[in-house]
1. Hey, A:Glu30 hits all of (1) loosely packed, with under 13 Cβ neighbours inside 10 Å; (2) touching a residue at least 12 places away in the same chain (Cβ under 8 Å) but one; which does it fall short on?
2. Out of the residues in region A:64-94 meeting the condition of being under 28 Å from B:Asp157 (Cβ atoms) and among the aromatic types (Phe, Trp, Tyr), tell me which one is farthest from the other protein chains (Cβ to nearest Cβ).
3. Tell me which helices (runs of 4 or more DSSP H) are completely within region B:1-86 and hold 2 or more residues being among the charged types (D, E, K, R) and within 14 Å of another protein chain (Cβ to nearest Cβ), or say none if there are none.
4. Find the residue count for region B:104-120, including only residues that are within 18 Å of B:Ala339 (Cα to Cα), aliphatic (A, V, I, L, M) and touching a Leu at 6+ places or on another chain (Cβ under 9 Å).
5. Collect the residues in region B:217-226 that are more than 9 Å from chain A (Cβ to nearest Cβ) and without any contact (Cβ under 8 Å) to a residue 24 or more places away in the chain, keeping them in residue-number order.
6. Consider B:Leu72 carefully, then state whether it is of a type outside the set (Phe, Trp, Tyr), surrounded by 23 or more Cβ atoms within 10 Å (Cβ to Cβ) and under 25 Å from B:Gly122 (Cα atoms).
7. Counting just the residues of region B:238-262 that are within 23 Å of B:Val355 (Cβ to Cβ) and not in a helix (DSSP H, G or I), which one comes out nearest to the other protein chains (Cβ to nearest Cβ)?
8. Step by step: first the residues of region B:227-237, then only those that are buried (at least 17 other Cβ atoms within 10 Å of the Cβ) and within 27 Å of B:Asn354 (Cβ to Cβ), then the one that is nearest to the other protein chains (Cβ to nearest Cβ). Which residue is that?
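The values are calculated or read from the model by the stated rules, or taken from the named source; none is laboratory data. This one's a predicted model, so the numbers in the text were calculated from it and none came from an experiment. A quick note on method: Cβ atoms are made from the backbone with ideal geometry, for glycine too, and the neighbour counts reach across all protein chains shown.
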Amino acid sequence: MIKVKDCIKEDIIKVRRGTPLKEIIKIFNENKCTILPVVDEDNKLVGKITLDEITSVFQPQSAELNQLLKTIPFLDTVPEADIDIDYLFPEMGILVIADEIMSNQYFTVKQDDTIAKAYSIMKVNDTQVVMVVKDDNDFVGIIGMFDIIYAMFKEKGVIK
Amino acid sequence: MNLNSLFSLGLIFLFALVSSGFIKKIKLPTVTAYLLFGIAAGPSLLNIISQGVIASSGIVTNIVLSFIAFSLGQNFSKQRFREIGSSVISLTIGQVFGALIIVTSAIYYLTDQPLFVALSFGAIATATAPASVVMVVRESKAKGRFTDTLLGVVAFDDGAGLIIFALILAVAKSLAGVHENMVTLAFSGVLKGVIEIFGAIVIGALFGWMTSLFSRFVLNPSELLIYTLGFILVNAGLSSVLGVSVLLSGMVMGAVLVNVDKTSFKFFESLRKIDSPFYLLFFVLSGANLDLKMIKVIGMVGVIYIIARMVGKILGVFITSEIIGASKQISKYLGIGLAPQAGVALGMAMLVNNVFEVEGNFILSIIIASTVIFELFGPALTKYVLFKTKSIQKI
């Protein structure tokens, strides 16, 4: 069975907790990536940033408070309020850092797990990407749905 | 009119949706529209909700309350407590106890109601309507320290309120209809309450742990939803059969799950995808349960409940602020900003209605009527305090 380590993407751009918003937006723009892992000084995975997390800066409240508000029952959702330009200000690029906006809601697999397990996690949780970590939560890379399919094609000689 | 239940259900969904469209134009929350529509469509007025649908109020309430309790449980993690901070937690506890004590005392001493009824009102008074407060904050683009504290307290309040309600209801149940001497009565009440609470904690913890343990066998998003729903309902059903607090066991289930499973958010997210129709039905049926003939009877108790609840919230915040050294703005205005009350209070009242056959309907009618008042005027009060604390520039 093909293992996660056989098709993992290791050359992933990652950011530190202290990386400013300006830098994060630049990385997203230049690399057209959809997810940025956040690691601490020991390379342990501590969070992820996607476009959802970036749009949290359009809200005047902290990411923690916004997370808490999401648990409120019967809350009216107004999609246009998610991207209210009035709350943006120039200094935000430096003042807001990865640690404040990252989410700790992500899925992980180990390098020695099978791709079937990674695929199952993606299907059950309706996600396209899973983080790969070592036993001590050391960040290794990410694996996406396409990486799994690609590895299978390669295994059977459909592509070289 | 005696309508077919399916037809009636369909009408409820469609008309409630149209009502919410209208009410949004006057900047009130959707839940207020559902509630008002329920009152209008109920047996007291238009009578377009079939008896079959009205008869399902009990099961809908239990389902919705188990959803709410489970969802609120996810806030009980070490990380969340750290993020929210001790001042918000202290203020939440302060205003919950403020409302409980003042409302219970006011109803007990100023009206002829027995202690268990006063306690039920006191416990229900703890709840606020975070959805209304959040809507006002977003709509008025309020920001700043006061706004953050207000949002933190309302978000946390329902969890704290549900715990208090579960404890008080356990005691109130054993006080109801008992005519022994006070010592025996108090001892029996507390003992039954302790058993009910402890049992709920054990059952909730067990199901929370099992939900995490067996989730590895779930194969796709549909199964995840069915799996989550199944565990929530089995937990609620078993708690009900064993006579322990359904609310507390649901909260403990959510709390244990969030603390033992790093990916527990998938269960809560899954549930959010399907909860809206249940919530809609819950509010409409709550409104439909308002017996307009009761309005004449509830007058004075209703007025005392509304005033005492506001006094309790304001006093609770004031005293806590003095103890923890919170700012003058928080001390003076936060309690007023907590005026809105809606879904969780209605759910509590529906539960009380199921527990106390005679007094339950009286309590429910007052809570429905006061909810309409709190939901119509509460948002304006919240906006007023945001203005007074300079969180917004104009009203």
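1. Just one mismatch for A:Glu30, condition (2).
2. Here the residue is A:Tyr87.
3. Working: elements: B:5-25, B:30-41, B:51-55, B:57-73, B:78-84.
Once the helices (runs of 4 or more DSSP H) in region B:1-86 are filtered for at least 2 residues that are among the charged types (D, E, K, R) and within 14 Å of another protein chain (Cβ to nearest Cβ), what remains is B:5-25, B:78-84.
4. Quick first cut of region B:104-120, residues within 18 Å of B:Ala339 (Cα to Cα) only: B:104, B:106.
Okay, now just the ones that are also aliphatic (A, V, I, L, M), so B:106.
With touching a Leu at 6+ places or on another chain (Cβ under 9 Å) added as a condition, the list becomes none.
Count: 0.
5. Initially, region B:217-226 is screened for residues more than 9 Å from chain A (Cβ to nearest Cβ), giving B:217, B:222, B:225-226.
Matches in region B:217-226: B:Phe217, B:Ser222, B:Ile226.
6. Numbers: of a type outside the set (Phe, Trp, Tyr): yes; surrounded by 23 or more Cβ atoms within 10 Å (Cβ to Cβ): yes; under 25 Å from B:Gly122 (Cα atoms): yes.
Yes, satisfied.
7. B:Ser245
8. Initial filter on region B:227-237 (buried (at least 17 other Cβ atoms within 10 Å of the Cβ)): B:227-229, B:231-232, B:235-236.
From what is left, the residues that are within 27 Å of B:Asn354 (Cβ to Cβ) are B:228-229, B:231-232, B:235-236.
Working: B:Thr228: 12, B:Leu229: 15, B:Phe231: 15, B:Ile232: 14, B:Asn235: 17, B:Ala236: 15 Å.
Ranking the qualifying residues of region B:227-237, first place goes to B:Thr228.
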